[in-house]
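Read through the structure below, which is laid out as structure tokens, and then see the notes.
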Amino acid sequence: MTIEVKEKKMNNRIDPPPIWQPCDSGDGILWLIMNDAKRSVNLLSIEALEALSTTLQELRIHPPKALVIRSGKPSGFIAGADVAAFANERHPIRLMAYIRLGHEVMDTLANLPFPTVAVIHGHALGGGLELALACRHRVVVDDPTTRLGLPEVQLGIHPGFGGSVRLPALIGHAAAMKLMLTGRTLSAREAVRLGLADLAVPPRHLETAILDLLSTAASRRTCSGFRSRLLVHWPLRPLAALAWHRATESKAPAHHYPAPHALIDLWHQHANNPQAMLEAEQKSVAALATTQTARHLTRLFFLRERMKGMGKGSLAGIHHLHVVGAGVMGGDIAAWVALKGIRVTLQDSHPTRLGPAFKRAAELFSRKAGGWRQAREAMDRLIPDLNGDGVAKADLVIEAISENLSAKQALLIELESRLKPEALLATNTSALSLQELALVLKRPERLFGLHFFNPVEKMGLIEVVSGPLTHEETTKRGCAFAVSLDRLPLLVQDSPGFLINRLLMPYLLEAVLMASEGFSVASVDAAARGFGMPMGPLLLADQVGLDIILSVCENLSVNLNCAAPTLLRERVNSGHLGKKSGQGFYHHPPGKPARPVQSGRQAPEDTVDRLILPMVNAAMTTLRQGVVTDADLLDAGMVFGAGFAPFRGGPLSYAKSLGKEEVTRRLREISIRSNGRLEVDSGWKTFDFATETIPVEKGHEQEYHKRTTYYFTTVGKNLIRLIPGTG
């Protein structure tokens, strides 16, 4: 059904249409369309809830035959509650008023004396799904963009508009708790299989399906499973709660992430009394929303949205990608891009590498494509290309060969001679200078960095690297390309190690030094996990590959104080490269958990400072030098790209929680004990924690300019002399 919305003109101004727009279909069924003109997506703001409450009260007086609620936005149903309201409101009483309003509206909707249907396309998340749960029926559009879920734990809270009661009643307690505790979202067909939705139909069949549903279904669906009903009774309820606490603690410790544990406690105390649980849910969410964990996670939510918007307004225009290098990185980049619907040609100078790359791709498609037909289509988009014929047809070419400057330069010269005029050229280098790579090109303005991380399918961030000659439009298209791959783009300036590797390297090398000092591998890694890192640094080094760590360290040592510890070099020379060789700092038996190779003394009390503060100090250096534009993006990059403890908000957010004086005091102590190996960055003297800004270091001003025009002349065949201009 197409709804035409007309604006109302009053007092010489055009008023936006109401958020909720009723439309009588003529057969007694009222369609209520949500379309908040002030927002790009629908949110259950206070204004939206108050308007819906008024509408529902009117419907109680003048009831229709049935009510159908749907979104008027192509982007989706309802993206959730107004997260900004939670983030900006620090007073629990006012938060409670907002939450209570949501409860009142959902209760009114759930108790209407006529059938209600939520029609869902796109995202129905958090409060949006809770509104749908308050309806008697749910019909979802069978489309890849449709996702349903209650991901509030990712914001440091749990469902707060009655979802903790209505979801278990609908799909069963065990299934509902699993969804809420993990924040997982469901596709349209998964929602139907689980009982969350009644029907999943193509858009063209929506109206017919809704009419059929209303004519045949009279009562609200509830979960009638015997085991689900039994679970809420003693003694199974406390046993289930204990099991959920233990499983959750291993991934989200209660002292770091209180929300999922608070939800389990709510269920434990009130699962057999829905009304009491609804009341307790309100108080619990209001209390959680004011915690530091919730504030940090909410900040990261907005930073994620900011990063997604970095490619907005610029079309990537990438329909054909050519990748040179079929090793682990190059092959996996090609496979992921093909999975996302883009034609890819994959080239390698060693044909024997193509086989393993295509085998890994087939395994990826079987797991991620969504069915055998989609997997076959993805495989058809990935094409072996021994001769590199795809270069001339590609919109983007990525080189992903070994980290050797002269080899990369030679390849770039050869690729540039065959590129289309409008095509882009990217390097996946992790440590080499784009400025040096660009020196050999005739058109260096279209060279940029696309630094993927391993494993490609799991790492959600891509560093989009801008060199001094890179055109602004080039990086815009690079960011848009990253977003099209469901990845967050982090725009960084050309600098040794860029951001992620530059900050990770001090962390990893300090852990290796501690192991060489005789501290046990297990205790060093345990200290990092206790801080909140998802994996200890020595196990992480094994996962990445000790040879790769050594290579990056050697590349960075030219420009940074980054000497490789003797122990690291010894392990590499002995062939103990980490997981890929079966042994590094851990033994990695096939199909079994890793076991530490080295025992030793228990790590000292200052282990966390030794591991984390060098990373924090490096963060200040990169910020001072303009590698990223601000502290927010630096923190977001380290959380989304390196797994820095999300509940702490990022390295600089953690430093802020300690205070500048305390950070510098501890750094000076580490510097003294390390005989000056660590140098306290000068940026701490001028960094303003209130505004999270720092004066631009002289010599790095141009890295902060969003628009800088570079005029260059070619001297000889491959020499470019750079003359900075103004923009």
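Each value in this text was obtained by applying a stated rule to the coordinates, not by laboratory testing. Bear in mind that the values here come from a model prediction, so they are computed numbers and not experimental data. Ideal geometry is used to build each Cβ from the backbone, glycine not excepted, and the neighbour counts take in all protein chains shown.
Counting only Cβ charges, +1 for Lys and Arg and -1 for Asp and Glu, the dipole size of the chain around its Cα centre is about 940 debye. For Ile69, nonlocal amide neighbours, meaning residues 5 or more places apart or on other chains whose placed amide H falls under 5 Å from its own, are Leu32, Val117, Ala118, Val119. Between the residues Pro274, Leu485, Gly460, the greatest Cα displacement towards the positive end of the dipole of the chain, with unit charges on the Cβ of Lys, Arg, Asp and Glu, is found for Pro274.
Could you sort out which of Lys38/Lys308; Lys359/Lys458; Lys393/Lys442; Lys251/Lys308; Lys458/Lys580 sit more than 22 Å apart by Cα distance in this structure?
Table pairs above 22 Å Cα-Cα are Lys251/Lys308.
Taking packing as the residue-averaged number of other Cβ atoms within 10 angstrom, the listed peptides 97-106, 507-516 run from highest to lowest as 507-516, 97-106. Here the dipole of the stretch 592-656 is about 340 debye; that uses its Cα centre as origin and unit charges on the Cβ of Lys and Arg (positive) and Asp and Glu (negative). To the nearest ten degrees, helix 521-531 and the longest principal axis of the Cα atoms of the chain are 50 degrees apart.
Using alpha carbons only, the radius of gyration of the stretch 309-492 set against its Kirkwood radius gives Rg/Rh = 0.94. Separation of the stretch 189-219 and the stretch 108-134, taken as the distance between their Cα centroids, equals 13 angstrom. Above 31 Å, the calculated P(r) of the stretch 8-290 contains 25 percent of its Cα-Cα pairs.
Put simply, when 380-391, 463-474 are sorted by average Cβ atoms within 10 angstrom per residue, most first, you get 463-474, 380-391. Looking at the stretch 145-213, the trypsin sites (Lys or Arg not before Pro) that sit in a DSSP loop and have at most 15 other Cβ atoms within 10 Å of their own Cβ are Arg184. Ranking Ala369, Leu396, Pro421 by how far each Cα lies toward the positive end of the dipole of the stretch 309-492 (charges on Cβ) leaves Ala369 at the top. Once the C-beta distance of Glu436 and Arg529 is scaled by a Förster radius of 35 Å, the resulting FRET efficiency is 0.35 to the nearest 0.05. Taking each residue as 0.36 nm, the span from Ser516 to Arg665 lengthens on full extension beyond its C-alpha to C-alpha distance by 51.1 nm. Qualifying GluC sites (Glu not before Pro) in the stretch 357-420, where qualification requires a DSSP coil assignment and no more than 14 other C-beta atoms within 10 Å, are lacking entirely. Against the set [x] 3, 13, 21, 23, 21, 13, 6, 1, 0; [y] 2, 11, 16, 16, 13, 11, 10, 8, 5, 4, 2, 1, 0, 0, 0, 0; [z] 3, 14, 25, 27, 20, 9, 2, 0, 0, the structure's computed P(r) over Cα pairs in 10 Å bins from 0, in percent falls on [x].
Any chance you could tell me what percent of the C-alpha pair distances in the stretch 422-530 go past 24 Å? Present the calculation step by step, with values, prior to reporting the outcome.
On the way: 2182 of 5886 pairs.
Here the long-distance tail beyond 24 Å is 37 percent of all Cα pairs in the stretch 422-530.
A straight line joining the Cα centroids of the stretch 470-544 and the stretch 573-632 runs 9 Å.
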